[in-house]
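First up is the structure itself, then whatever we jot down about it.
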Amino acid sequence: MATDLLPLFPLSLVLVPSMPLPLHIFEDRYKEMMAEAISDHSEFGVVLAKEQGIANIGCTAIVEEVTRRYDDGRLDLVAMGQRRFRITSLDQEKTYLRAEVQFFNDDDASEVPPELRQKASSAYRQLASLEEGVAEPKFERARISFQLAQLIEDLDKRQTVLALRSEIERLEYLIQIVPGYIEQRERIAFARRVAPLNGHPKVEL
């Protein structure tokens with residue numbers, strides 16, 4: 001029986017379920033990929049691309065809206081993160097990369113304790129305060145962690161969240177790293193504010 005191959009889109013980002021993904025498509029190979037994904041309303045896989053190669057675990061996406069079509073075939077679109085997968089083998093017969101994958105859900109479906117949900121909600125609001133235009137969270141029963149992860153810009157940390165197979169484990173991990181992450185972001189923001197003040201002003205005589 002033939003195995004369906006998932007088209008892969010390596011990017012310098014980590015997609016998680018329910019995360020919106022705006023894309024500008026300009027390479028011919030990805031125009032071809034998106035033409036099929038749009039016409040069939042089919043999934044494509046987003047994987048983190050690093051210097052040493054692509055991540056083994058990724059998240060599928062479905063195109064929700066094409067916001068602009070250019071005369072030269074380029075596209076602006078918005079996709080949405082769907083389900084997680086692990087790559088088992090790669091296929092390079094087409095112009096773009098494809099893979100055999102195994103989709104996975106959580107191994108542990110235990111309900112999140114109320115105290116942990118409360119801590120997660122507090123962490124979300126702390127992270128949201130660093131960003132402009134972040135909406136109030138709409139926490140689904142088992143998706144708090146993925147909404148939190150969308151506000152974490154550190155790709156390695158977000159990749160860790162994507163790979164964990166327990167909502168409780170994901171939330172415990174995020175709650176643990178959020179204070180240090182916020183402190184790091186605040187240090188960076190402070191450095192940017194004071195940078196123009198450093199040095200000596202130029203005086204014209």
By its C-alpha gyration tensor, with a ≥ b ≥ c as the square roots of the eigenvalues, how is the range 66-128 shaped: rounded for a/c under 1.5, else prolate for a/b larger than b/c, else oblate?
-> oblate
Cβ-based exposure ranking for K50, K31, in which fewest neighbours within 10 Å come first | K50, K31
Taking square-rooted eigenvalues a ≥ b ≥ c of the alpha carbon gyration tensor, is the range 1-59 rounded, prolate or oblate, where a/c under 1.5 means rounded and, failing that, a/b exceeding b/c means prolate?
-> rounded
Could you run the Karplus curve 6.51 cos²θ - 1.76 cosθ + 1.60 with θ = phi - 60° over the range 112-125 and give me ³J(HN,Hα) per residue in whole Hz, x for Gly and Pro?
-> 6, x, x, 5, 5, 4, 5, 5, 5, 5, 5, 5, 4, 5
Linear extension gain, S39 paired with E64, 0.36 nm per residue minus alpha-carbon span | 7.8 nm
Rounded to whole Hz and in sequence order, give me ³J(HN,Hα) for the range 146-159 from the Karplus expression 6.51 cos²θ - 1.76 cosθ + 1.60, θ = phi - 60°, writing x for Gly and Pro.
-> 6, 5, 5, 4, 4, 8, 9, 7, 5, 5, 5, 5, 5, 5
Taking a ≥ b ≥ c as the square roots of the eigenvalues of the Cα gyration tensor of the range 59-100, is the shape rounded (a/c under 1.5), prolate (a/b larger than b/c) or oblate?
-> oblate
F9's amide H: which non-local residues (gap 5+, or another chain) put their own amide H closer than 5 Å, with H modeled 1.01 Å from N in plane and none for Pro or chain starts?
-> G45, V46, V47
Set of the range 28-48 residues, backbone N closer than 20 Å to the point 7 Å along the Cα-Cβ line of F103 = 34, 36-48
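Taken together, the values in this text are just the output of simple stated rules run on the coordinates, not laboratory data. For clarity, every value in this text was computed on a predicted model and none was experimentally measured. Using ideal geometry, Cβ is built from the backbone for each residue, glycine included, and neighbour counts are taken over all protein chains shown.
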